[in-house]
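Written out below as structure tokens is the structure these notes cover.
The values are calculated or read from the model by the stated rules, or taken from the named source; none is laboratory data. Predicted model only: the values in this text are computed from it and were never measured. Note that we place each Cβ from the backbone using ideal geometry, even for glycine, and neighbour counts take in every protein chain shown. What goes into the accessible areas is simple: the full protein's heavy atoms, side chains included, and nothing from ligands, DNA or RNA. Shrake-Rupley method; radii C 1.70, N 1.55, O 1.52, S 1.80 Å.
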Amino acid sequence: MKRFKKFWTGLQSASYWTQLGLIAGAYLAFYLILFLVIGYATWPFADLPPLTERFAKVTAFLFLDSGEAPEINSFWSLLNKLGLLLLTAFSSSLFTSKMIGHQSNLKFSKPLAFYSRAIIESEQARFPGEYLVFRLLNAGEHDLYNVRVAATLRYYHVATRTFQHYTCNVLNATIPVLGSQMPFRMYIEMGEVASAIYKKRLSFADAGAEIISLAEIQAEIAAGQRPADCDQMILYVEGIDSGEGKLTTASYRYDLGTVSEGKFASIEPRPGQSGFDPADIKRLFDLATPVQAEPVR
């Protein structure tokens with residue numbers, strides 16, 4: 001079921017020309033198979049009529065008047081109608097979902113990196129705390145306006161076997177214009193987080209009853225005391241696509257068990273230009289190295 005959902009989501013996000021090609025290919029494949037099956041089921045293999053005659057009779061039977069080919073079983077007419085019904089339902093649902101919904105081409109970096117005080121200071125930043133950092137890229141053709149980013153921490157409380165959801169603070173949660181092909185670093189603040197009824201402190205290494213510790217979560221996962229995919233940072237992004245004028249949304253989940261300390265490599269604009277080299281984005285977008293290591297240039 002998950003594979004089918006992933007496949008269907010991919011079809012919805014594909015271009016109109018790709019969808020048209022897929023639909024046309026589905027119709028062509030259906031009728032090609034139906035033509036071959038009808039031909040060999042109707043006439044003996046040793047006494048097959050010429051191809052042009054078979055094509056004319058099967059075409060007339062399927063699309064014109066079935067009485068012009070009385071030797072063909074009426075069952076194939078029913079199968080033709082059923083196939084047309086399914087193909088029409090598939091194509092209409094695909095186009096309808098494309099028109100009423102628009103999934104953006106926002107890309108999230110694979111790692112969610114922990115920026116310790118050492119990393120923050122190495123960037124000469126004046127932020128007072130520590131942060132979880134990911135990269136966000138608008139990979140579409142058009143700019144996104146009024147972009148808003150929200151982060152929710154899903155925490156699995158082992159003792160009660162319940163999920164707790166905490167709202168996190170994203171420092172740069174509002175972006176007036178997210179330009180096409182421009183990578184952004186997004187900063188989620190460590191520290192106090194709140195759910196509907198709880199308040200706790202999010203920390204990387206500290207531990208305690210009122211602390212959600214990433215190091216403790218990872219230790220429990222390694223010891224087999226906690227499922228690996230229960231604790232997640234859930235991101236939600238929305239904005240207005242300047243090309244289509246539609247609200248576009250995207251979401252992404254990071255498993256907290258995979259978070260480690262690291263610093264994203266710098267991606268610089270092209271010399272003398274405001275744009276970025278696609279090769280640099282591809283090479284460096286997911287690269288986060290420990291602060292002690294020399295980042296790749």
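Assorted remarks:
- Residue-averaged [θ]222 nm for the chain, counting only DSSP H segments that reach four residues, each worth -39500 (n - 2.57): -10500 deg cm²/dmol
- Neighbour net charge for Ser180 - beta-carbon separation under 9 angstrom, K R +1, D E -1: -2
- In terms of the mean number of neighbouring beta-carbon atoms within 10 Å, the peptides 153-161, 224-232 order highest first as 224-232, 153-161.
- Accessible area of the chain divided out per residue, in Å², using a probe of 1.4 angstrom: 58
- By the Cα gyration tensor, region 214-281 has an equivalent ellipsoid whose semi-axes, rounded to whole angstrom, run 35, 21, 7 from largest to smallest.
- Residue of Ala113, Ala219, Ala151 that the Gaussian network model of the chain assigns the largest fluctuation, springs spanning Cα pairs under 10 Å: Ala219
- Taking 0.36 nm per residue of sequence separation and removing the Cα-Cα distance, the Asp206/Leu51 pair yields an extension gain of 48.0 nm.
- Counting Lys and Arg as +1 and Asp and Glu as -1 over every other residue whose Cβ lies under 11 Å from the Cβ of Asn138, the net charge comes to -2.
- Cα shape, region 108-178, gyration tensor, a/c 1.5 rule: oblate
- Peptide ranges 162-173, 257-268 listed from the most packed, as the mean C-beta count within 10 angstrom indicates: 257-268, 162-173
- Taking a ≥ b ≥ c as the square roots of the eigenvalues of the Cα gyration tensor, region 140-297 is classed as oblate, since a/c reaches at least 1.5 and a/b does not exceed b/c.
- Of interest is the spacing of the C-alpha centroids, which for region 189-208 and region 229-249 amounts to 25 Å.
- Computed lengthening from Thr167 to Ser77, 0.36 nm per intervening residue step minus Cα-Cα distance: 26.6 nm
- In the elastic network of the chain, a GNM with C-alpha springs shorter than 10 Å, the most mobile of Phe184, Phe55, Phe108 is Phe55.
- Fraction of accessible area attributable to carbon and sulfur, the chain (%, probe 1.4 Å): 59
- Screening the chain for DSSP H helices whose Cα atoms reach 18 Å or more along their own axis and whose mean Kyte hydropathy is at least -1.0 gives 16-42, 75-100.
- The candidate values were [x] 45; [y] 59; [z] 37; the one computed from these coordinates for percent of Cα pairs over 27 Å apart carries the label [y].
- Take Tyr252: with every protein chain present and a 1.4 Å probe, its accessible area is about 80 Å².
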